[in-house]
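Notes follow once the structure below has been shown.
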Amino acid sequence: MASTDRIKIALVGNPNSGKTTLFNLLTGLNQKTGNFPGVTVDKKSGFSKLPDGTTAEIIDLPGTYSIYPKTLDEQIVQDILLDPEHSQYPDKVIVVTDASNLKRNLLLFTQIRDLGIPLVLVLNMIDVAQLKKLNIDLRGLSIDLGVKIIPTNSHSGDGIAALKEALTQPLVKSKRPFYDIYDLAPKTIDAIKTEFDLTENYRAYQYAQQSVRLNFLNDKEKERIAKIKDENGFYDVPTQSQETLGRYQFISDIVDRNVKNSRDPLKKSVSQKIDRVVTHPVFGYLIFFTVLMLIFQAIFAWAEGPMNLIEGSIAEFSGWVKGILPEGILSDLLTDGVLAGLAGVLVFIPQIAILFAFIALLEESGYMSRAVFLMDKLMRKVGLNGKSVVPLISGMACAIPAIMATRNIESWKDRLITIFVTPFMSCSARLPVYAILIGLVVPEQQVLGIFNLQGLVLQALYLLGFLAAIGSAYVMKLILKAGQKSYFIMELPGYKIPSWKNIGLTIYDKSKTFVLEAGKIIIAISIVLWVLASYGFNDNFRNAEENVRQQVGENASQEEYEVALSSYKLEHSVAGSFGKIIEPAIRPLGYDWKIGIALITSFAAREVFVGTMSTIYSIGASDDDEVTIRERLREEKNPETGGPMYTPAVAFSLMVFYAFAMQCMSTLAIVYRETKGWKWPIIQTVYMTAVAYISAFITYNIFS
Amino acid sequence: MRSLAELKKNERGIINGFKDDSLSVKLIEMGCLPGTEVSVDLIAPFGDPIAIGVSGYCLSLRKDEAACIMIED
Ligand SMILES: Nc1nc2c(ncn2[C@@H]2O[C@H](COP(=O)(O)OP(=O)(O)OP(=O)(O)O)[C@@H](O)[C@H]2O)c(=O)[nH]1
Ligand SMILES: [Mg+2]
């Protein structure tokens, strides 16, 4: 665990109050683990230097409307705040509120205050409150609520210095609770306080209210609480309603006293005007699909330049390394193994950055929740939920955060179906595969003057993934039993001008993670593959020189001989043998043993495909002039027909296979974690791979 | 007595009470307090869900959930 002399400060507040934005301001690039843009579904921590020279650990938490969690992500807040033994139990809490909507935001504040944790209240989005013409009497509010208040604007950074300063001060714990729940259940509270040795009434009351959900209590303790509740006639739901109503009564009085609204309440706000258009029956869907179209076009059109640049520089660098190193194993391993594999990763940074930028933009601006609103009815027809839109769209970037984003879906059935079908959405790891194959067989031309044909094919592949997701969801809806009723009570936050800092951090964070995580696997696999493809143990491999000499004949030039030799060696190497073993199974899809090798390695992670192909084909070719992998694939001949190996039939069959197959260990690991067992990841793998095989078979036969 | 689901677009009303106990807890937390004014601001293309203005912000909920919120006459 982190050292104890460092104070821990947690950010708590309603969803969309700006906790993550504030977190980014406080920590900058000093963040430990990655999280997804927009909605925070897991805790994340980072470090901040305070004015007194100490370093504090800042913890960003998912948003919640009250201490009573309704979803899994909200549960995290409760897990931490109600358990003083928790490794991340904060020394201080920053309660972040949206100053433009104080009444609802203050409910959670009053609950945390009554838990007796030292806290400071941040009125964030003070700029929005000013825009809404709200006059807030900060002094009055501070006295009435009994807490230090800091107004902030996390976009401009106003108030951050004051907040940091406040964090260095000792924060006083208030003696009297804001709202005394003691009279709601005096006997139960007293009994639990004695039993568990608690000091705050509200903590004891929370034990009574939420014992089943408190993960840190063991079964015996839970039974004890149940018994106390029973003996004293404590009923959760009515008491909770009473508590909430009671708190709101105080809050309303205080807010009405200290916040004056000088705007005509009947005048429509900008957000309301935008909403009229965005949720319009015709324009709404038109806008939704235009946004998606724009994303695909951008991925292809804007990324082209930087990608060529990266590809070219690596080829040049690789040539330079070959030039300075003595010929031999080391030079081969570095250039054909490591650099070839690395090129496969680095070249996709521009596309991944663009994709994540768009998704962050949709979340930041507030548009994403409108998409949820717009799609709920349609999604329900196929067994999903409006909230499934967020995982499905995020799934286009990466299935892992997307599956984590399902945590805010209340119904288990809806959530499970969403988890099951999300990996069908074409993620950024498929992009490299698609990009290279599309570049190979689809001509670069304009359609109807504005659309890029390659972009359209890519879009069709994404559509295919989406349809597979929807179709599978529908089937699951019919098979699975209905669970508890789900509800859909969701805030539509006002539209915001995105914070470029948030988006920039997302791009940086995601690209870095992609390069490091994918890079690690890809380089490891490239090296292993290079070894397996360069050595063999059968007689054919050992006698390669003689056999090839015989094959090419005495008259062949030295160059012809070398080309033949290296491809002969590859064929009889260890990797080649693996490929040959599975060749009969994949022949019906149009693949040869070389593609077979790539398929095998792709089960670790699909983005390995390009690296594997690069490695295989660099080894297969003997000449040392550096051509890119795409050119190499184009030159590859089919030994049977003499024509090009990568015909449209083979390329499309491959694309369809990669569109559907479950080829990602990390996704399986996350599905295991989120569904708590191997049942679903196994069903998912078998199902997706079967769909992939059958569809690739059909595609190959249609195009050939 | 009418429910919130029966209000037309742009219509206003005052919340009177709830028909469903467990749903009411969540709704109260979200600021749908008895005595508060609500207005139907948006109705999604196929008639469901709807978005209401309540306690100074915009809340979306499904038709059957809105049917649990009773409106004063
Ligand atoms: N105008 C304005 N916008 C802000 C301010 N702080 C945050 N925002 C915007 O509000 C939106 C939500 O901010 P987040 O930081 O993601 O909110 P959050 O509290 O982390 O949300 P959850 O993780 O969903 O609980 C983003 O679009 C921010 O750019 C502010 O002070 N002023
Ligand atoms: Mg957040």
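The values are calculated or read from the model by the stated rules, or taken from the named source; none is laboratory data. If you're wondering where the values come from, they're calculated on a predicted model, not measured in any experiment. Heads up, the Cβs are rebuilt from the backbone with ideal geometry, glycines too, and the neighbour counts pull from every protein chain shown.
Can we say residue A:417 is crowded, with 23+ Cβ neighbours inside 10 Å and among the aliphatic types (A, V, I, L, M)? Against the criterion (crowded, with 23+ Cβ neighbours inside 10 Å and among the aliphatic types (A, V, I, L, M)), residue A:417 qualifies.
Among all positions in region A:525-546, there is at least one residue which is more than 14 Å from chain B (Cβ to nearest Cβ), buried (at least 19 other Cβ atoms within 10 Å of the Cβ) and within 28 Å of the chain's Cα centre (by Cα). For residues in region A:479-517 being more than 14 Å from chain B (Cβ to nearest Cβ) and within 22 Å of residue B:48 (Cα to Cα), which is farthest from ligand 1 (Cβ to nearest atom)? It comes out as A:482. At least 1 residues being acidic (Asp, Glu) is the threshold, and among the helices (runs of 4 or more DSSP H) wholly inside region A:430-529 those reaching it are A:500-513. If the condition is being at pLDDT below 85 and under 14 Å from residue A:393 (Cβ atoms), then region A:339-359 contributes A:355, A:356, A:359. Among the residues of region A:200-224, the one identified as under 13 Å from residue A:182 (Cβ atoms) and surrounded by fewer than 19 Cβ atoms within 10 Å (Cβ to Cβ) is A:200. Within region A:162-173, does at least one residue satisfy the condition of being part of a strand (DSSP E or B) and buried (at least 21 other Cβ atoms within 10 Å of the Cβ)? So far as region A:162-173 goes, no, none of its residues is part of a strand (DSSP E or B) and buried (at least 21 other Cβ atoms within 10 Å of the Cβ).
Across region A:28-67, the number of residues qualifying as modelled with pLDDT of 90 or more, of a type in the set (Lys, Arg) and under 19 Å from residue A:407 (Cα atoms) comes to 0. The single condition among (1) at pLDDT 85 or above; (2) within 16 Å of ligand 2 (Cβ to nearest atom) that residue A:475 does not satisfy is (2). For beta carbons closer than 6 Å, sequence separation of 6+ or different chains, a first residue in region A:97-120 that is small (Gly, Ala, Ser) and a second that is in a helix (DSSP H, G or I), the qualifying pairs are A:99/A:126; A:99/A:129; A:100/A:128; A:100/A:129. Apart from one condition, residue A:328 fits all of (1) surrounded by fewer than 16 Cβ atoms within 10 Å (Cβ to Cβ); (2) touching a residue at least 24 places away in the same chain (Cβ under 8 Å); (3) small (Gly, Ala, Ser); the exception is (2).
Only a single item in (1) assigned to a helix (DSSP H, G or I); (2) out of contact with any strand residue (DSSP E or B) (no Cβ under 8 Å at 6 or more places or on another chain) is not met by residue A:275, and it is number (2). Of all residues in region A:60-67, none are touching a strand residue (DSSP E or B) at 6+ places or on another chain (Cβ under 6 Å) and away from ligand 1 (no atom under 16 Å from the Cβ).
Which condition from (1) assigned to a loop (DSSP other than H, G, I, E, B); (2) more than 14 Å from every other protein chain (Cβ to nearest Cβ) is the one that residue A:263 breaks? With respect to (1) assigned to a loop (DSSP other than H, G, I, E, B); (2) more than 14 Å from every other protein chain (Cβ to nearest Cβ), residue A:263 is out only on (2).
Considering only residues in region A:146-158 that are surrounded by fewer than 20 Cβ atoms within 10 Å (Cβ to Cβ) and in a loop (DSSP other than H, G, I, E, B), the one that is farthest from ligand 1 (Cβ to nearest atom) turns out to be A:146.
The single condition from (1) among the hydrophobic types (A, V, I, L, M, F, W, C); (2) within 10 Å of chain A (Cβ to nearest Cβ); (3) out of contact with any Lys or Arg (no Cβ under 7 Å at 6 or more places or on another chain) that residue B:69 fails is (2).
Residues checked against (1) more than 14 Å from chain B (Cβ to nearest Cβ); (2) buried (at least 23 other Cβ atoms within 10 Å of the Cβ):
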residue: A:72; (1), (2): yes, no
residue: A:86; (1), (2): yes, no
residue: A:99; (1), (2): no, yes
residue: A:124; (1), (2): yes, yes
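Right, residue A:299: surrounded by 16 or more Cβ atoms within 10 Å (Cβ to Cβ) and without any contact (Cβ under 8 Å) to a residue 40 or more places away in the chain or not? Lay out the reasoning, then the answer.
Details: surrounded by 16 or more Cβ atoms within 10 Å (Cβ to Cβ): yes; without any contact (Cβ under 8 Å) to a residue 40 or more places away in the chain: no.
Spelling it out, it is not the case that residue A:299 is surrounded by 16 or more Cβ atoms within 10 Å (Cβ to Cβ) and without any contact (Cβ under 8 Å) to a residue 40 or more places away in the chain.
Looking across region A:46-67 at every residue that is among the hydroxyl-bearing types (Ser, Thr, Tyr) and either within 13 Å of ligand 2 (Cβ to nearest atom) or farther than 19 Å from residue A:95 by Cβ (or both), the one that is surrounded by the most Cβ atoms within 10 Å (Cβ to Cβ) is identified as A:64.
Taking every residue in region A:14-27 that is over 16 Å from residue A:112 (Cα atoms) and aliphatic (A, V, I, L, M) and pairing it with any residue that is assigned to a helix (DSSP H, G or I) and more than 7 Å from ligand 1 (Cβ to nearest atom), at least 6 positions away or on another chain, the pairs with Cβ-Cβ distances below 6 Å are A:25/A:160. Cβ-Cβ contacts under 6 Å between residues 6 or more apart (or on different chains), taken from a first residue in region A:160-178 that is farther than 30 Å from residue A:249 by Cβ to a second residue that is of a type in the set (D, E, K, R) and not in a helix (DSSP H, G or I), are listed as A:168/A:52.
If the condition is being part of a loop (DSSP other than H, G, I, E, B), facing another protein chain (nearest Cβ under 7 Å) and more than 18 Å from residue A:380 (Cβ to Cβ), then region B:26-52 contributes B:30, B:31, B:33.
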